[in-house]
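Quick notes on the structure that follows.
The values are calculated or read from the model by the stated rules, or taken from the named source; none is laboratory data. All of these numbers come straight from a predicted model, not from anything done at the bench. When we count neighbours, we look across all protein chains shown, and the Cβ atoms used for this are built from the backbone with ideal geometry, even at glycine.
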Amino acid sequence: MNIAVLGGTFDPIHRGHLMVADVVCEQLAPAEVVFVCAGQPWLKGDRLISPVTDRIEMVRLAIQGNRHYRLSAVEAERSGPTYTIDTIHDLKAQVSAQDELYFILGWDNLLDLPRWQKPMELISLCKLVAVPRIGLRVPEETTLEKLLPGLSKRVILLDKPEIDISASIIRERVSRGLPITNLVPPAVEDYIRKQQLYLKGN
């Protein structure tokens, strides 16, 4: 069976993340989408992020009730920086040899793939599902091949959804006392409020 993997810092998880998962389900029909909450993202070492326990709980609240969605804490359970290649190895060890993993990422991250840990090994272990980023053109096959030989054969390029929501905007709105009702699921909004996340000084 096919299993889609959606990783992220999820600080916080928002409706854009869920829209991406919904579109992947609609177009690729995976058996499930596994949400992997990053522990210590190596590309975000320059900013403070919320405790992983809070971020995991927000993901759990956001996907509860959807039988096609599953939360994995595999990255949070590892110490040190979070690398996708390690996560894919861990997840493949949990499924059968016949199962295919599809790792979801944005067009921008796809173009940045050579900077990732062991990118050639990564594309040999899983297929990539790349979703749009506002302001970017769809990557061309020749561009992908220049980045990594064989990459274009391991990527599925989706043309939707185009998401105009970011976790940084949500954090900024919370810190200023502005509403986020349409940006996150109600249970996540309630958790942020009760835990006083993203308030200045916290």
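Annotations for the structure displayed:
- E75 meets each of the listed conditions (1) under 20 Å from R15 (Cβ atoms); (2) touching a strand residue (DSSP E or B) at 6+ places or on another chain (Cβ under 6 Å) apart from (1).
- Residues of segment 144-174 that turn out to be hydrophobic (A, V, I, L, M, F, W, C), touching a residue at least 60 places away in the same chain (Cβ under 8 Å) and either closer than 30 Å to K194 by Cβ or in contact with a Lys or Arg (Cβ under 7 Å, 6 or more places away or on another chain) (or both), as a count: 5
- Options I88, I104: the member that is under 30 Å from L197 (Cβ atoms), out of contact with any Cys (no Cβ under 6 Å at 6 or more places or on another chain) and modelled with pLDDT of 95 or more: I104
- Residue satisfying all of: in segment 86-99; touching a residue at least 60 places away in the same chain (Cβ under 8 Å) and surrounded by 15 or more Cβ atoms within 10 Å (Cβ to Cβ); farthest from V74 (Cα to Cα) among these: I88
- Qualifying residues in segment 17-46 (those that are part of a loop (DSSP other than H, G, I, E, B) and modelled with pLDDT of 95 or more) - the one surrounded by the fewest Cβ atoms within 10 Å (Cβ to Cβ): A29
- Just so you know, in segment 150-170 the residues that are of a type in the set (A, V, I, L, M, F, W, C) and assigned to a helix (DSSP H, G or I) include one that is surrounded by the most Cβ atoms within 10 Å (Cβ to Cβ), and it is I170.
- Restricted to segment 114-140, and to residues there that are in a loop (DSSP other than H, G, I, E, B) and farther than 25 Å from D22 by Cβ, the residue that is nearest to the chain's Cα centre (by Cα) is W116.
- In the set R60, R55, only one residue is under 19 Å from A167 (Cβ atoms), part of a helix (DSSP H, G or I) and without any contact (Cβ under 8 Å) to a residue 12 or more places away in the chain; that residue is R60.
- Residue-level check: of (1) part of a helix (DSSP H, G or I); (2) touching a residue at least 40 places away in the same chain (Cβ under 8 Å); (3) touching a helix residue (DSSP H, G or I) at 6+ places or on another chain (Cβ under 8 Å), F10 misses just (1).
- Of all residues in segment 174-202 being more than 22 Å from the chain's Cα centre (by Cα) and aliphatic (A, V, I, L, M), the one that is surrounded by the fewest Cβ atoms within 10 Å (Cβ to Cβ): L178
- So K194, is it closer than 26 Å to L28 by Cα and assigned to a helix (DSSP H, G or I): no
- Some residue of segment 76-89 being within 15 Å of V5 (Cα to Cα), part of a helix (DSSP H, G or I) and of a type in the set (D, E, K, R): yes
- Residue that is closer than 23 Å to V34 by Cβ and aliphatic (A, V, I, L, M), where the choices are V138, V129: V129
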